[in-house]
Amino acid sequence: MKINPIGIQAINSYKNQARSVNNPKTNQSFADQIEISLKAKEMQGTSTYANERADRVQKLKEEIQSGTYKVDARQVAEDMLKYYRR
């Protein structure tokens, strides 16, 4: 009667796999880097739009307080139509 040897290699492969699960490789941590374009840097700076808007708001406040502010009904209606027709 012939007895085949039990494959020790099969047992070793399971042992090696268990070692790799228990001792995971340390991952190198990579630092994220970003670079802001010149256009974006310009946009982050003082924008002319914000300054113009602040001037317009101040002008409207003064007109309202003095009672000289008039609403253009036609312009309001046209702007509303443009908005809702999108």
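Quick note: the coordinates plus some simple rules give every number you see, no bench work behind them. Just so you know, these numbers come straight off a predicted model, no measurement behind them. We place every Cβ from the backbone using ideal geometry, glycine too, and count neighbours over all the protein chains shown.
Points to keep in mind about this one:
- Ascending count of other beta-carbon atoms within 10 Å, so fewest first, for Ile64, Ile34: Ile34, Ile64
- Table column - 3J(HN,Hα) (Hz), segment 56-69, Karplus curve with 6.51, -1.76, 1.60, x for Gly and Pro: 5, 4, 4, 4, 5, 4, 5, 5, 5, 5, 7, x, 9, 6
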